[in-house]
Structure formats: structure tokens, C-alpha cells
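S.K.: Structure in C-alpha cells, see below.
Read-outs throughout are calculated quantities, based only on the coordinates presented, and are distinct from any laboratory measurement. Quick caveat, the model's predicted, so the values are computed rather than measured. Note: ideal-geometry Cβ built from the backbone for every residue, glycine included; neighbour counts use all protein chains shown.
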Amino acid sequence: MAQARVKFLVSAVLVAGAVGYLMATGVKETGVYFLTPTELADRVAADPSFRNVGVKLGARVVHGSIRRDVATQTITFEVTDGKHTFPVVYRGLAPDTFTDDVDVVVEGRLAPDGTFHATTLLAKCGSRYESVPKA
């Protein structure tokens, strides 16, 4: 009886260890940092290899910086958090709410030339989700 209990406990520990290992490696491979432009600049300054890491960058579109190339469906613009600014290149269709001065989240990688190459572009629209002002 005691021997069966020991076997069960050893098996349970091995299964729990295997599941924990798989979860940890899965999160590490698919996890993405969410940073501001200042945090991204600081990380790259501390570790230049951080340019090859997938990042979600939350910032505001700089007024007047949006340029669209309809033929290639490429949009270039700049994002800032007030301290650091990064040029962004995105290829694809932008959300309807994507305009100047809107908060965006772009997902992608920072190129060696300092340009952020986005694979995903999300634009926030706070006015649609604010409560109605009281009269």
C-alpha cells in the first residue's frame, strides 16, 4: 500500500513538472512585451539585441505624421509618449478609428534603423466607450 502511494506521488510530481515546463516554454515563446516608446528606447539602449523581440507598443499618433500609399497598402506614421518618438511602418488596412492624435497599439519589431515594423495596428476610440455626461 505504501509503495503504491509513493509511486502515485512520484508520478504526480513528474506530471506536474512536465505541465509546468510546457506552460513556461509556451508563454516564453508566445509572450509579447507591452511597452511605451520610452520603455522601448531604454530596453534597446541597455540591450541592442532587444530589437529582434516581438513588442506591443502603446503610444499616440503624432499629429500630421500619417502617410498612406494606396498602391502598396502601406501606412507610415510616428508614435510618441511625449518623451520618445518612433517612426512606424504598417502594411495592411487600418481601422476606421485610426487618425491623428489617436492612441494606438502596434505589434511588431524594431528594425536596426530605428523604424518600428508593425504587423498589427489597433486604434483606440475612447469617445465611443465614455459614459454619457450628466445634464
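S.K.: Taking semi-axes √(5λ) of the Cα gyration tensor in Å straight from the coordinates, which label in [x] 42, 21, 15; [y] 26, 14, 12; [z] 21, 18, 16 is the correct one?
M.R.: Checking each listed value against the structure points to [x].
S.K.: How high is the relative contact order of the chain? Use alpha-carbon pairs under 8 Å, at least six apart in sequence, and give a whole percent.
M.R.: With pairs under 8 Å counted, the relative contact order is 19 percent.
S.K.: What number comes out for the charge environment of R67, summing +1 per Lys or Arg and -1 per Asp or Glu over other residues with Cβ under 14 Å away?
M.R.: -1
S.K.: Nearest 10 degrees is fine. How inclined is helix 2-30 to the longest principal axis of the chain, computing both from alpha carbons?
M.R.: 10 degrees
S.K.: Using the Cα centre as the reference, give the magnitude of the dipole from point charges on the C-beta atoms of the chain (Lys, Arg: +1; Asp, Glu: -1; all else neutral), rounded to the nearest 20 debye.
M.R.: Roughly 580 debye, rounded to the nearest 20.
S.K.: Simple spin-label model, 7 Å along Cα-to-Cβ: A46 to H63 in nm?
M.R.: 3.4 nm
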